[in-house]
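The values are calculated or read from the model by the stated rules, or taken from the named source; none is laboratory data. These figures come from a predicted structure and were not determined experimentally. Cβ placement follows ideal geometry from the backbone for every residue including glycine, while neighbour counts extend to all protein chains displayed. The accessibility values were calculated without ligands, DNA or RNA, using every heavy atom of the protein model including side chains. Shrake-Rupley method; radii C 1.70, N 1.55, O 1.52, S 1.80 Å.
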Amino acid sequence: ELPGFYYDSEKNRYFRLLPGHNNYNPLTKESIQYKAMECKRLRLLEEEEKQKKKTSRAGLNSSMVLQKRQLGLLSSTSYCRLVHELKVNCMQRRKIEIHSPDSSVTGTNNFKIIVADVACERIFTVNDVEHGGCKYGIINLSGLGKESLTVEMYDNLYFTNRKVNSVCWASLTHPDSHLCLMGIAETPGCASLLPASLFSSTNPGDRPGMLCSFKISTAWSCAWCLNPQADNCFSTGLTRRVLVTNVVTGHRQTFGTSSDVLAQQFAMQTPVLYNGCRSGEIFSIDVRQRNRKGQSWKAIRLFHDSAVTSIRLLEAEHYLMAADMAGKIQLWDLRTAKCVKQYKGHHNEYAILPVHVNEEEGLLTAVGQDCYTRIWSLQDAHLLRTIPSPHPSSKDAVPSVVFSSRLGGSRGVPGLLMAVKQDLYHFSYN
């Protein structure tokens with residue numbers, strides 16, 4: 001490299017880099033990097049359209065997997081895992097048509113967050129609104145078939161004034177009956193618990209109101225507890241504290257922390273809350289205990305080198321998946337408090353990006369700040385596929401994804417849903 005110059009490989013010569021200022025200058029490092037990234041993205045998209053897909057592992061193909069299964073060399077779990085790997089590499093992108101009762105608002109706002117319920121029958125969406133704030137809606141996936149790619153979207157236009165940082169489904173009266181929303185109302189934050197029936201096609205007069213709403217300091221994360229020992233409770237990750245609220249009684253517990261809590265998840269077998277902090281610390285809280293000062297109530301403590309942006313407990317609850325702002329995704333054994341696997345290739349510098357664990361399929365999915373969606377094998381941390389975004393990469397065009405082998409319910413179609421800009425895409429199994 002020559003200081004003040006850059007080398008153009010196409011023209012085989014050096015060009016002078018001018019200092020970046022208010023005048024338009026095409027030759028800055030940022031513009032050169034963006035051009036290189038865009039060329040790479042277009043090349044990958046072209047390869048995907050031509051179906052030049054390579055298998056993720058050498059020698060792995062459907063006939064070999066089936067032959068090994070028939071010879072008894074593969075267990076049923078290993079066979080299912082390898083079949084899912086093959087299907088992931090064959091996924092093809094198709095655009096979904098979104099229908100809405102209010103046609104004037106369809107496709108006019110960018111998707112910010114999509115979160116599926118446990119059965120993957122509905123998806124809660126948060127869309128950025130041009131004049132500030134967010135618009136909320138629910139997409140019903142029951143119409144998502146192998147042939148027709150249409151879904152119904154129901155909006156509630158009364159809640160458009162809050163920026164949403166975090167959202168999770170809550171099971172209060174029945175599974176996935178409500179939604180916890182954490183957002184910024186002006187200077188203070190706001191925690192809200194909304195009935196999912198607000199977003200339906202029934203008579204607007206019959207809709208229930210907001211169940212719970214209170215002002216708090218800036219909220220970063222939220223989680224709902226499904227353990228009966230801490231029934232009807234949800235947690236809020238705030239600046240330097242954790243707030244656990246009982247929706248029915250209104251009782252609140254506060255746990256002070258030394259850093260902002262950016263990620264949370266409750267265990268299902270025990271009333272234990274796991275928290276990921278800006279300082280890189282991950283710790284657990286038993287919510288049955290009374291409020292205490294100091295660090296004595298922290299049961300398990302793990303440490304990352306950078307801010308923890310997402311945590312996911314695996315089903316047996318012996319392992320925890322954590323991602324940080326340095327782009328590291330690590331699998332921790334909670335019994336020994338040691339990192340047992342690291343999933344390489346994820347890209348992050350400063351954003352709060354989620355990771356998605358699908359244990360039944362043996363897959364881990366994450367979207368990087370470079371707008372690439374990556375899928376790994378849970379078992380051996382092998383990178384199976386890198387999916388480029390259909391739109392040019394930018395800060396406001398990072399895709400939000402949902403992966404399931406049953407999109408739309410128990411008889412649903414398998415695949416990956418990707419929301420980017422104003423579009424929704426389905427990557428279907430071949």
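Annotations
- Checking the stated criteria, residue 188 turns out not to satisfy the condition of being assigned by the TED database to the domain that holds residue 231, open to solvent by 10 Å² or more (accessible area, probe 1.4 Å) and modelled with pLDDT of 85 or more.
- Selection count, the stretch 217-271, where residues are in contact (Cβ under 8 Å) with a residue 24 or more places away in the chain, on the phi > 0 side of the Ramachandran plot and out of contact with any Leu (no Cβ under 7 Å at 6 or more places or on another chain): 0
- Any chance residue 57 is in a helix (DSSP H, G or I), of a type in the set (D, E, K, R), at pLDDT below 80 and farther than 30 Å from residue 143 by Cα: no
- Screening the candidates 366, 322 for the property of being touching a Lys or Arg at 6+ places or on another chain (Cβ under 7 Å), at pLDDT 95 or above and not aromatic (Phe, Trp, Tyr) yields one hit, 366.
- Identity of the residue in the stretch 191-241, at pLDDT below 75, of a type outside the set (Val, Ile, Thr) and outside any helix (DSSP H, G or I), that ends up farthest from residue 284 (Cα to Cα): 203
- Residue within the stretch 416-430 that is in a loop (DSSP other than H, G, I, E, B) and under 29 Å from residue 30 (Cβ atoms) present: yes
- Against the list (1) over 30 Å from residue 35 (Cβ atoms); (2) surrounded by 15 or more Cβ atoms within 10 Å (Cβ to Cβ), the condition residue 398 fails is (1).
- Residue check, residue 316 at pLDDT 90 or above, open to solvent by 30 Å² or more (accessible area, probe 1.4 Å) and out of contact with any Cys (no Cβ under 9 Å at 6 or more places or on another chain): no
- When restricted to residues that are outside any helix (DSSP H, G or I) and surrounded by fewer than 15 Cβ atoms within 10 Å (Cβ to Cβ), the stretch 77-94 contains 2.
- Residue count for the stretch 404-414, restricted to those that are out of contact with any helix residue (DSSP H, G or I) (no Cβ under 9 Å at 6 or more places or on another chain) and either modelled with pLDDT of 90 or more or buried (at least 20 other Cβ atoms within 10 Å of the Cβ) (or both): 1
- Residue pairs meeting the criteria (Cβ under 9 Å; at least 6 apart or on separate chains; first part of a helix (DSSP H, G or I) and at pLDDT below 85, in the stretch 130-151; second open to solvent by less than 30 Å² (accessible area, probe 1.4 Å) and of a type in the set (Phe, Trp, Tyr)): none
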